[in-house]
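Student: Below: one structure in structure tokens.
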Amino acid sequence: MTPSFPVSRPRRLRRTAALRRLVAPVSVRPEHLVLPMFVKEGITAPQPVASMPGVVQHTRESLRKAAAEAVGAGVGGLILFGIPAVKDARGSAADDPAGIVQLALADLAAEVGGDTVLMADLCLDEYTDHGHCGLLTAAGEVDNDATLDRYASIAVAQAAAGAHAVAPSGMMDGQVGAIRTALDQAGHTDVAICAYSAKYASGFYGPFRDAAECAPQFGDRSSYQQAPSGSREALREVALDIEEGADIIMVKPALAYLDVISQVAATIDLPVAAYQVSGEYAMVEAAAANGWLDRERIIDETLTSIRRAGADIILTYWAVEAARRLG
Ligand code: PBG
């Protein structure tokens, strides 16, 4: 029935693409996107990751080329994950100045360092033979405080190699403070900390564990990552990280935790990042390969949702493709 009095008609602003663009409250721009990249020691050609079609483990050489392409496409930053040839109980390769991530960071600092933000994931799970994010006690539990010393040392090695930001992802209590202190003492006062503050124990990390070869050899990460049911706990983790000196706050995964992103963004005045993780990528790629979803549409829609929830920065394996489409 046609109303007999003037009413608001929201469809007026939906009539043409130009109107819809003019009133769009959020957008996704290439500079909002960060590309996660894997670099593996001891391989001579890039290795595809089976559960993440389109993603590879790079050699140092292929990494440089791909990084230059990503920066050319306009992405805002790169985050590096290293896979060492040899793993041990303490993850010795993680802070070795000749370790794969340090070498790759130095390569990228020389290649694209002036034009992008170079970040390094700071954790031990890719480097330990047991696959946990920290050192273990004799009883096989993750030893929080002993792990902090390792993280502090890794942070300094990554900063010395050329990282603009380090991104601690191990969810140890006090990790941001320990890293800030170590960076400052080593003279790296200007290296930022992008803290994975609200990181949930998530099934969505499954494909990443193939990519980074870091599945825990026993147990799971529930004693250090957050339980999926909580959001107040996320706010507490965020507040602690800010007190300890974090510069950017990350929520992870993204799509199943949009409410957490939104609460964090409403609460803090630091930049908020969200990580669209491996399982979010694999899910869409698999459905699209079956012809069940319109791949590009879903990529753009999920990125827009994450921005709408309040993320300033999005880490996504689709960064280059999305930057090219949106740029
Ligand atoms: C830990 C780390 C993980 C991811 C990023 N950093 C894995 C884990 O916590 O098990 C997951 C990223 C993704 O799934 O894309 N170093």
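The values are calculated or read from the model by the stated rules, or taken from the named source; none is laboratory data. Everything numeric in this text was worked out from a predicted model, so none of it was measured. Please note: Cβ atoms are built from the backbone with ideal geometry, for glycine as well, and neighbour counts cover all protein chains shown. The protein model used for the area step is the full one, side chains on, heavy atoms only, and it has no ligands, DNA or RNA in it. Shrake-Rupley method; radii C 1.70, N 1.55, O 1.52, S 1.80 Å.
Student: May I ask you to list the residues of segment 29-56 whose amide nitrogen lies under 17 Å from a point 7 Å from Cα along the Cα→beta-carbon direction of Asp300?
Tutor: 29-33
Student: Rounded to the nearest percent, how much of the accessible area of the chain (1.4 Å probe, protein heavy atoms only) is carbon and sulfur?
Tutor: Working: 7640 of 14540 Å².
C and S fraction of accessible area: 53 percent.
Student: If you don't mind, another one. Name the lysines eligible as straight-distance cross-link partners of Lys199: C-alpha to C-alpha under 22 Å, and not fewer than 8 places from it in the same chain.
Tutor: Lys252
Student: Separate question: Please determine, in degrees from 0 to 90 and to the nearest 10, the orientation of helix 232-244 with respect to the longest principal axis defined by the Cα atoms of the chain, where the helix direction is its Cα long axis.
Tutor: 60 degrees
Student: Where does each of 186-197, 294-305, 11-22, 83-94 land if you order them by average Cβ count within 10 Å, highest first? Working shown, then result.
Tutor: Values: 186-197: 20.7, 294-305: 16.7, 11-22: 9.4, 83-94: 18.3.
Sorting 186-197, 294-305, 11-22, 83-94 by mean packing, highest first, produces 186-197, 83-94, 294-305, 11-22.
Student: Now a separate question. Considering only protein heavy atoms, what per residue accessible area in square angstrom results for segment 166-256 with a 1.4 angstrom probe?
Tutor: Details: 3650 Å² over 91 residues.
Heavy-atom SASA per residue in segment 166-256 reads 40 Å².
Student: Specify the angular offset, from 0 to 90 degrees and rounded to the nearest 10, of the alpha carbon long axis of helix 144-161 from the longest principal axis of the alpha carbons in the chain.
Tutor: So the helix axis and the longest Cα principal axis differ by about 80 degrees.
Student: Given contacts defined as C-alpha pairs under 8 Å and at least six residues apart, what's the relative contact order of the chain, whole-number percent? It would help to have the intermediate numbers written out before the result.
Tutor: Working: 640 pairs, mean separation 62.3, N = 327.
After rounding, I find 19 percent.
Student: Here is a follow-up. Between Asp115 and Gln47, take the C-beta separation as r, use R0 = 25 Å, and let me know the FRET efficiency to the nearest 0.05. Could you put the intermediate results ahead of the total?
Tutor: Working: r = 27 Å, r/R0 = 1.08.
With a Förster radius of 25 Å, E is 0.40.
Student: So, one more: Using modelled amide H (1.01 Å from N, peptide plane; none on Pro or chain starts), what sits under 5 Å from the amide H of Gly131, excluding residues fewer than 5 places away?
Tutor: So Gly131 has HN proximity to Gln217.
Student: Net charge near Asp241, counting Lys/Arg +1 and Asp/Glu -1 over other residues with Cβ under 12 Å of its Cβ?
Tutor: Values: positive: Arg180, Lys199, Arg236; negative: Asp173, Glu237, Glu243, Glu244, Asp247.
Neighbour charge sum, excluding Asp241 itself: -2.
Student: At 222 nm, what value in deg cm²/dmol follows for the chain if DSSP H runs of at least 4 each add -39500 (n - 2.57) and the sum is divided by all its residues, to the nearest 500? Could you put the intermediate results ahead of the total?
Tutor: Working: 11 runs with 127 residues, N = 327.
Mean residue ellipticity at 222 nm (helix-derived): -12000 deg cm²/dmol.
Student: 5 Å is the cut-off here: which amide hydrogens, built 1.01 Å from N in the peptide plane, fall below it relative to Leu136, excluding neighbours closer than 5 in sequence?
Tutor: So Leu136 has HN proximity to Asp143.
Student: Cα convex hull of the chain: mean projected area in nm², to one decimal?
Tutor: Working: hull surface 77.6 nm².
Its Cα hull, projected and averaged over all orientations, spans 19.4 nm².
Student: May I ask you to work out the translational diffusion coefficient for segment 1-104 at 20 °C, viscosity 1.002 mPa s, via Stokes-Einstein with Rh from the Kirkwood sum over Cα pairs, reported in whole µm²/s? Walk me through the numbers before you get to the answer.
Tutor: Values: Rh = 17.7 Å.
For the chosen part, D equals 121 µm²/s.
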